[in-house]
1. Picking from L405, L388, which residue would you name as being of a type in the set (A, V, I, L, M, F, W, C), closer than 20 Å to E110 by Cα and at pLDDT below 95?
2. Please give the number of the condition A488 fails out of (1) under 30 Å from P306 (Cα atoms); (2) open to solvent by less than 30 Å² (accessible area, probe 1.4 Å); (3) in a helix (DSSP H, G or I).
3. Identify the single condition in (1) at pLDDT below 75; (2) of a type outside the set (A, V, I, L, M); (3) assigned to a helix (DSSP H, G or I); (4) open to solvent by less than 20 Å² (accessible area, probe 1.4 Å) that S227 does not satisfy, given that it satisfies every other one.
4. Can you name the residue in the range 329-347 that is assigned to a helix (DSSP H, G or I) and surrounded by fewer than 16 Cβ atoms within 10 Å (Cβ to Cβ) and, of all such residues, is modelled with the highest pLDDT?
5. Looking at the range 416-431 only, could you name the residues that are touching a residue at least 40 places away in the same chain (Cβ under 8 Å) and in a loop (DSSP other than H, G, I, E, B)?
6. Looking only at the range 473-485, how many residues end up being open to solvent by 20 Å² or more (accessible area, probe 1.4 Å) and either touching a Cys at 6+ places or on another chain (Cβ under 7 Å) or over 16 Å from E412 (Cα atoms) (or both)?
7. For the range 445-463, which residues satisfy the criterion of being open to solvent by 40 Å² or more (accessible area, probe 1.4 Å) and assigned to a helix (DSSP H, G or I)?
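The values are calculated or read from the model by the stated rules, or taken from the named source; none is laboratory data. Everything quoted here is computed from the prediction, not taken from an experiment. Here the Cβ is made from the backbone with ideal geometry for all residues, glycine too, and neighbour counts use every protein chain on show. For the accessible areas, the whole protein counts, side chains as well, though only heavy atoms, and no ligand, DNA or RNA atoms are used. Shrake-Rupley method; radii C 1.70, N 1.55, O 1.52, S 1.80 Å.
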Amino acid sequence: MGATLRAARALLLLVGFHLLGFALLAILAGANAVLLLWEPTAVTLLLHAVTVVLAVPVLRGVFLLRLPRRDEPGGLRVTAEDEPRLWRVVGELAERLDTGAPSEIVLTGEVAATVRERSRLLGLLPGKRRLELGLPLVQGLGEAQLRAVLAHELGHFAEHGTRFAPATVRTRTRLLRTVAHFGTRERAKRERDRERATRKAAEAAAQGNEDGRLRQERKAARAERGSRGTYRVMTRMYTLYARLGLRATLAAARRHELAADLAAARIAGRDASVSALREIPVLEAAYEHYTGRYLSLGVDSELLPPRGEVFGGFGALLSARTLDLLRMRDGLGTPAPARHDAHPPLAERVRRIGELPADGRTDEGAGAALDLLADPGRTLAELEDAALTPELLALPRTDSWQDLLERSMEREMREFGSPLHHALARYTGRPPTLSALLGVIDEGRLWRVAQRLPLSDEATAARGRAFREFVRPSLRDAMSGMALAELAAHGLLRWEFSWETAPRVLVPGDGPDLDAAVEAALADVPDTGPLRALLPHAGTADPLH
């Protein structure tokens, strides 16, 4: 099938999606008209209500087919006066690809780059284009690699055998939105049904109604497997049609991606294109680590790092973790694409580009992609103002990352609590301090306290050594936290920030290692001496996990 025919098939699928909604609405309206001819009874009123309920997901499907007119990204718009070199590179690439250049460039906080077009008439008529470029991507790529990424995105709009290829993209975008929307609502409804049944089961158990408890537990189990009823039937019709359309257009979409890859290799160079494809998954994993381990440090404490460091810190992490990134490149592998992902498997994309003849373009764009920006520090700071919510921007700033770590951990230690605290308080009837816990251990009663922890069914049924092995990991974490909190209360902790390794907590002095002291207290023959020795004075260093 030719490219034009594939695009035409995509348009027919989109038109069919519209017709499906209108046909269903017409059937429901006809059913209501027939019901109006009958004498009003409880049954007819119920049937009217059912048709209204059925119409809700149909109307949702019809309105979901309308893409928002202004799909505005959360980012920083930069003009040619703001970033002349970046605009010049984008314009040169578009000219060499013989396609229109974007009319606006928006810098974002994502490890991604994309060119969007506000096309009209189901994607048949071109419109204004917008380049969305993630600064974390710019921080991690070389200039040659970034040129390859931009050439790929612009290559989607170059001539690859048909001018109607954007129609396929638009069709897939609408179908994906529909599947995602109904999937989200289905999960939310399932969770609501499960929570309602679980709550009623607990109420029935409290009233001694065993039959009611079992009935509600069966409802909760059914909700866990999936919601039932007319709403699910109607939404399933839409999702099945959408998945059919996605499967029918998947091959065409992946051909389009491969064509954009080859266009990028032709314009930006074979080696740069291959290295960019391999580097992006590494940057995605590194950015996830950065946001989860560093940027989240002040979230619970409602603090932000210094201005410009929300996104700027990622660059510092990349510079400090060169060896770690090298190991990630070697061990990350090539994961398979998602079910409906238009991108072919990474290995296939790399192989296709690698089969091209060597072009000798190994010294082009040898600098860092960040050098394309006129003032990276200023841009990173301005991106915070544009990308962060007003609530986040209102949070106080710390003086440094070290200050952020210290203030965050101070609050965390002050508010530290765990199931072990509650279990110990219920067992002893006294405040749950570390000293009280060590006393319980010395008396040989730790595992009785452990029986009051939230336990899995396997742990509840276990006895003896098996029970101890089930609960030992959670006890280890909780005891370590209790020890740290008590040391912090005595001013005996120091926190050390580092980009090279995870942040660490330092227990000063020459005492025993905290992990070893906790392990000794949890042994089958417990020894609380090392842990007690930590309390009045300092110890050693322990990594903060």
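1. That would be L388, the only listed residue that is of a type in the set (A, V, I, L, M, F, W, C), closer than 20 Å to E110 by Cα and at pLDDT below 95.
2. So the condition that A488 fails would be (2).
3. (3)
4. Restricting to residues being assigned to a helix (DSSP H, G or I) and surrounded by fewer than 16 Cβ atoms within 10 Å (Cβ to Cβ), the top hit is A347.
5. At the first step, the residues of the range 416-431 found to be touching a residue at least 40 places away in the same chain (Cβ under 8 Å) are 416, 418-421.
Matches in the range 416-431: F416, S418.
6. So the answer is 3.
7. Matches in the range 445-463: W447, R448, D457, E458, T460, A461.
Yes or no, residue by residue, for (1) modelled with pLDDT of 65 or more; (2) surrounded by fewer than 18 Cβ atoms within 10 Å (Cβ to Cβ); (3) over 33 Å from the mean Cα position of the chain (by Cα):
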| residue | (1), (2), (3) |
| --- | --- |
| R66 | no, yes, no |
| R69 | no, yes, no |
| R77 | yes, yes, no |
| E92 | yes, yes, yes |
